[in-house]
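Enquirer: Can you keep this structure in mind? I'll have questions shortly.
The values are calculated or read from the model by the stated rules, or taken from the named source; none is laboratory data. Note that the structure is a prediction, hence the values are computed from the model and not measured. Here the Cβ positions follow ideal geometry from the backbone for every residue, glycine too, while neighbour counts run over all protein chains shown.
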Amino acid sequence: MKPRFGQVLLPLAVLVILAGIVYFDQARRAETAALPRLDCPDPIAGCQVRLGERTVTLGMDTRPRAMRPFQVWVRASGARWVRAEFTMVDMDMGLNLYTLAADKDGVFRARVTLPVCVTGRQDWLLTLDVDGERGILPFVISL
């Protein structure tokens with residue numbers, strides 16, 4: 001008995017989709033690994049970092065904890081937009097991408113809530129993107 005068209009096409013389509021996911025995930029990881037590290041030993045106190053040709057001041061209003069909202073703020077003179085993406089190395093934590101909104105003083109802010117990692121890991125990466133200039137800030141949360 002010959003296999004029907006659908007019996008061949010569906011598994012093939014699933015394989016193509018999975019291969020695409022793996023390919024794009026590896027490309028994204030390689031791109032992220034190549035980004036400059038931002039040196040900010042105490043994000044709660046705030047710090048200045050270089051992002052491309054710009055000096056940016058960034059910080060958090062409190063020590064980040066899983067499932068507890070905290071605020072990320074960025075001062076970047078002349079910036080049009082600021083985004084913050086939160087990821088873990090070699091761990092899919094879902095989409096944690098935030099667009100920061102400028103307040104009346106020109107400080108970009110977003111309220112962020114990070115999920116709990118089922119393995120208990122607490123090490124995160126904040127990829128800061130200001131008008132297309134990006135850098136990575138490693139940090140640790142409390143459970």
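Enquirer: How many residues does the range 52-66 hold that are at pLDDT 95 or above and within 16 Å of the chain's Cα centre (by Cα)?
Expert: Final tally of qualifying residues: 3.
Enquirer: Something else: Condition test on residue 113, is it modelled with pLDDT of 95 or more, among the polar types (S, T, N, Q) and in contact with a helix residue (DSSP H, G or I) (Cβ under 7 Å, 6 or more places away or on another chain)?
Expert: Answer is no for this residue.
Enquirer: Here are 109, 121, 83: which of them is of a type in the set (Lys, Arg) and touching a residue at least 40 places away in the same chain (Cβ under 8 Å)?
Expert: After ruling out the rest, the residue left standing is 83.
Enquirer: Then there is this: Just the residues that are in a strand (DSSP E or B), of a type in the set (Gly, Ala, Ser) and over 15 Å from the mean Cα position of the chain (by Cα), please, taken from the range 73-106.
Expert: Within the range 73-106, 101, 102 meet the criteria.
Enquirer: Among the residues of the range 93-133, how many are surrounded by 14 or more Cβ atoms within 10 Å (Cβ to Cβ), touching a Pro at 6+ places or on another chain (Cβ under 8 Å) and farther than 16 Å from residue 72 by Cα?
Expert: Number satisfying all stated conditions: 1.
Enquirer: Can I ask one more? Quick one: how many residues across the range 23-51 are at pLDDT below 90 and surrounded by 10 or more Cβ atoms within 10 Å (Cβ to Cβ)? Spell out the reasoning first.
Expert: Of all residues in the range 23-51, those at pLDDT below 90 come to 23-34.
If we keep only those that are surrounded by 10 or more Cβ atoms within 10 Å (Cβ to Cβ) as well, we get 23-29, 31-32.
Going through the range 23-51 one residue at a time, the tally reaches 9.
Enquirer: When both residues are 6+ apart or on different chains and their Cβ atoms are under 8 Å apart, which pairs have a first residue that lies in the range 86-105 and is closer than 23 Å to residue 119 by Cβ, and a second that is exposed (fewer than 10 other Cβ atoms within 10 Å of the Cβ)?
Expert: Going by the 8 Å Cβ cut-off, the qualifying pairs are 91/119.
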